[in-house]
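What follows is a set of notes on a single structure, which appears directly below.
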Amino acid sequence: MLYETSSKYYVTCSVMNNCFFDKGKVLLARHKTSRTLVAIKHFNLEEFTQEQYDLIMEEIFFMRQLKHPNILPCLTSYVINFDLYVVSPLMGFTSCHDLISAHFQDGLSEIIISFFLRDVLRALDYIHSKGYIHRSVKARHILVHADGHACLSGFRYMYSLPKCGSLNKVHHFPLHTSHNLNWFSPELLEQNIEGYDEKSDIYSVGVTACELANGIVPFADTSTTSMLTEKVRGVIPQLIDCTTWFLHDDDQYSKDEICYSNENIENENQKIISRKFSNSFHAFVELCCCRNISIRPLPKQLLNHSFFKPIRRIGINLQELLQPAVPYTETNTTELHEDVAVINDLSYDFDDINIYPEEWDF
Amino acid sequence: MPLFGKSQKSPTEVVKALKEALTALERGDKKSDKAQEDVSKNLLLIKNMLYGNSESEPQTDIVVAQVAQEFYNNNLLYSLICNLNKIDFEGKKDVAQVFNNILRRQIGTRSPTVEYICTKPEILFTLVCGYELQEIALNCGSMLRECARYEALAKILLNSEDFFNFFRYVEVSTFDIASDAFSTFKELLTRHKIICSEFLEQNYEKVFKHYQRLLNSENYVTRRQSLKLLGELLLDRHNFTVMTRYISNPDNLKLMMNMLKEKSRNIQFEAFHVFKVFVANPNKPKPILDILLRNQEKLVDFLSRFHTDRSEDEQFNDEKAYLIKQIKELKPFLSSSTVTGTSVASPANINTFSTSYRSIDNVNDKPIIFD
């Protein structure tokens, strides 16, 4: 299928989300030629510094070099006026981060998480085999298709491993990632002579597992410095349920909060305290976040973990499990009869256009 | 030799198998699916010989030398690139990786593959044409940039008629391909200072006629990137002759003055960095001086209001203040003095810019800052 490089061929339906530090928008649009729905990232390049521009370019290049059912592809990209448009297939349920904040504030159920993480690990297995480290696995970068399969995105922090046999270590610290620090592995954060490798991504998978299950990323309320020291000391992020609740002295769910008068919060907490994640899920997280890198498994090995066994049960309908979330699909999407460009015109800041009024005298 | 598992094929065998599969693929008969599969399989074997994989270390120099030698003997680099479009997605990337590895090969200070490609320049030209095909453009781009690192190959590319295709490629509608072509284009024009400046001097008319089109492009990214590159080229002291010529042409000055007033602030800012060279030139030709004089008041007024919010950019503010001062002090042309004066412009003033010209490419080594 050819995706054209002009806004004429896409009809905007709505604005789904913001992206790239809220500097970009994700539009839901219909590709006229194929009559399919697509997601179009839109950036106003005029607001971008050269560095930010390079980051976006890098991301598109990486997306173009990867081809895997669990990796979000870039169908095409084009520029009109100051705007860059990056076209991808539509992921109807949007990102896991959005799912959590809209419908699952206490976290997703274990079975859903196992499906999503299986897809993420498959994607990572492929990425690693091509010699890259993803470096940005997090709920925000796990996108869910309307049929329930998950795709990994967020490739602007990806990095190439040096290609020389089995001894691959890198030392490069990702740029512009202050917002990703909570997901980083201790060895990446430590920045020592030993460097880190693709197993750093596995640590992020562990942190993401907690994020998906708890509804909030571990260390969210910890200062950056103590997050770093805790990770380096080997403190393992945990799933919060009835078995770990009282071990947990995190500020987020501190015991004071239980006595807090607000009934809602108490009910919420009650729900969290009474739930129980399976032992294999707890073991899975522990294995992913293992401080000792030689024990931490690779994606292929992790895919055989008992945590993924329940997936094999037949008749699991992810769409049902994800209710009340409803995906964007053909049936619930209406077209705005405007080109992609029209909506964006509204977003222009006309206030800084103070062109010197006088004509030069040539 | 591993005790278990398949015994390894020798490089000669693998390369032979690759060549056969490639010939079958080229023929494109009924068996081409099988041929495509075989090409990819053998490419992967070769890639793992050269790079190693998670289970094995890369092979010794002898094996690498053998692979390379077999590639030269069978003219395989060329046939791989010619048939790149028919190879599957992962295979295309493997071709690029194998190519780049063989290219980097060294014996002492010699680069045998570079010498080899010098005798087969059609490899380079085929790579350039790769930008015409969406499916292989980025793969060819990565190989071309690896080639451009070698002076001998960059020289062949610059001096070929095909180089001028880049002026078209950097403007294609698919953003990622245009950007990739631009990186290669920039690499070719800036990497090897001496041959670049020679090329620009010898082909001044033609290059800048084409370059003008980029500066007037409808594509904002092309305009912004090419203007930025122009600034970098002119302020590179190796290109002094080219710069002197560029800043003597009143049409170029007019273009920059108009770009200073463009709607895009980024373009205004890049145009400033070219415009400043015209003003800093101590020996301005009469037509340039005339334009500046005719707009003396407007320019002073304009510049004092220009990007006033960049108060933290000290260098920019210094340069702006310098320009305002220079323009204020401009005096009408005195014909007698220049005839007797030295005809070569003193580079002193202009070079104060070039050494400190902000280079965005160097920001990658920032220390970590936790916030």
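Are any of the residues in segment B:230-246 open to solvent by 10 Å² or more (accessible area, probe 1.4 Å), within 13 Å of chain A (Cβ to nearest Cβ) and not charged (D, E, K, R)?
Scanning segment B:230-246, I find no residue that is open to solvent by 10 Å² or more (accessible area, probe 1.4 Å), within 13 Å of chain A (Cβ to nearest Cβ) and not charged (D, E, K, R), so the answer is no.
Could you look through segment A:126-142, keep only residues that are open to solvent by 30 Å² or more (accessible area, probe 1.4 Å) and not polar (S, T, N, Q), and pick out the one that is nearest to A:Glu58 (Cα to Cα)?
Applying the filter and picking the extreme gives A:Lys130.
Take segment A:158-180 and flag every residue that is open to solvent by 10 Å² or more (accessible area, probe 1.4 Å) and part of a helix (DSSP H, G or I).
Those that are open to solvent by 10 Å² or more (accessible area, probe 1.4 Å) and part of a helix (DSSP H, G or I): A:Ser178, A:His179.
Looking only at segment B:304-332, which residues are surrounded by 18 or more Cβ atoms within 10 Å (Cβ to Cβ) and at the interface with another protein chain (Cβ under 10 Å from one of its Cβ atoms)?
B:Phe306
All but one of (1) among the charged types (D, E, K, R); (2) crowded, with 21+ Cβ neighbours inside 10 Å; (3) within 12 Å of chain A (Cβ to nearest Cβ); (4) in a loop (DSSP other than H, G, I, E, B) hold for B:Asp180; state the number of the condition that does not hold.
Result: B:Asp180 passes all but (4).
Tally time: how many residues in segment B:140-153 are out of contact with any Leu (no Cβ under 6 Å at 6 or more places or on another chain) and either in a helix (DSSP H, G or I) or surrounded by 18 or more Cβ atoms within 10 Å (Cβ to Cβ) (or both)?
First, the residues of segment B:140-153 that are out of contact with any Leu (no Cβ under 6 Å at 6 or more places or on another chain): B:141-142, B:145, B:149-153.
Pick out the ones that are also either in a helix (DSSP H, G or I) or surrounded by 18 or more Cβ atoms within 10 Å (Cβ to Cβ) (or both) and you get B:141-142, B:145, B:150-153.
Within segment B:140-153, residues that are out of contact with any Leu (no Cβ under 6 Å at 6 or more places or on another chain) and either in a helix (DSSP H, G or I) or surrounded by 18 or more Cβ atoms within 10 Å (Cβ to Cβ) (or both) number 7.
Here is a yes/no grid of residues against (1) closer than 28 Å to A:Tyr53 by Cβ; (2) outside any loop (DSSP other than H, G, I, E, B); (3) open to solvent by 10 Å² or more (accessible area, probe 1.4 Å); (4) touching a Leu at 6+ places or on another chain (Cβ under 6 Å):
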| residue | (1), (2), (3), (4) |
| --- | --- |
| A:Pro73 | yes, no, yes, no |
| A:Tyr78 | yes, yes, no, no |
| A:Val87 | yes, yes, no, yes |
| A:Asp98 | yes, yes, yes, no |
| A:Leu108 | no, no, no, yes |
| A:Ile111 | no, yes, yes, no |
| A:Leu124 | yes, yes, no, no |
| A:Gly148 | no, no, no, yes |
| A:Arg156 | yes, yes, yes, yes |
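What are the pairs, 6+ residues apart or on separate chains, where a residue within segment A:132-153 that is closer than 15 Å to A:Ile112 by Cα has its Cβ under 9 Å from a residue that is β-branched (Val, Ile, Thr) and part of a strand (DSSP E or B)?
What qualifies is A:Ala150/A:Ile142; A:Ala150/A:Val144; A:Cys151/A:Ile71; A:Cys151/A:Ile142; A:Cys151/A:Val144.
How many residues does segment A:39-71 hold that are more than 7 Å from chain B (Cβ to nearest Cβ), in a helix (DSSP H, G or I) and of a type in the set (Val, Ile, Thr)? Step through it out loud before you land on a result.
Our first condition is that a residue be more than 7 Å from chain B (Cβ to nearest Cβ); within segment A:39-71, this holds for A:39-44, A:47-49, A:52-56, A:58-59, A:62-63, A:66, A:68-71.
This time we only want the ones that are in a helix (DSSP H, G or I), so: A:47, A:52-56, A:58-59, A:62-63.
Next cut, of a type in the set (Val, Ile, Thr) only: A:56.
Total satisfying the criteria: 1.
The values are calculated or read from the model by the stated rules, or taken from the named source; none is laboratory data. Note that the structure is a prediction, hence the values are computed from the model and not measured. Cβ coordinates were reconstructed from backbone atoms using ideal geometry, including for glycine residues, and neighbour counts include every protein chain displayed. The area values use the complete protein model at the heavy-atom level, side chains included, leaving out ligands, DNA and RNA. Shrake-Rupley method; radii C 1.70, N 1.55, O 1.52, S 1.80 Å.
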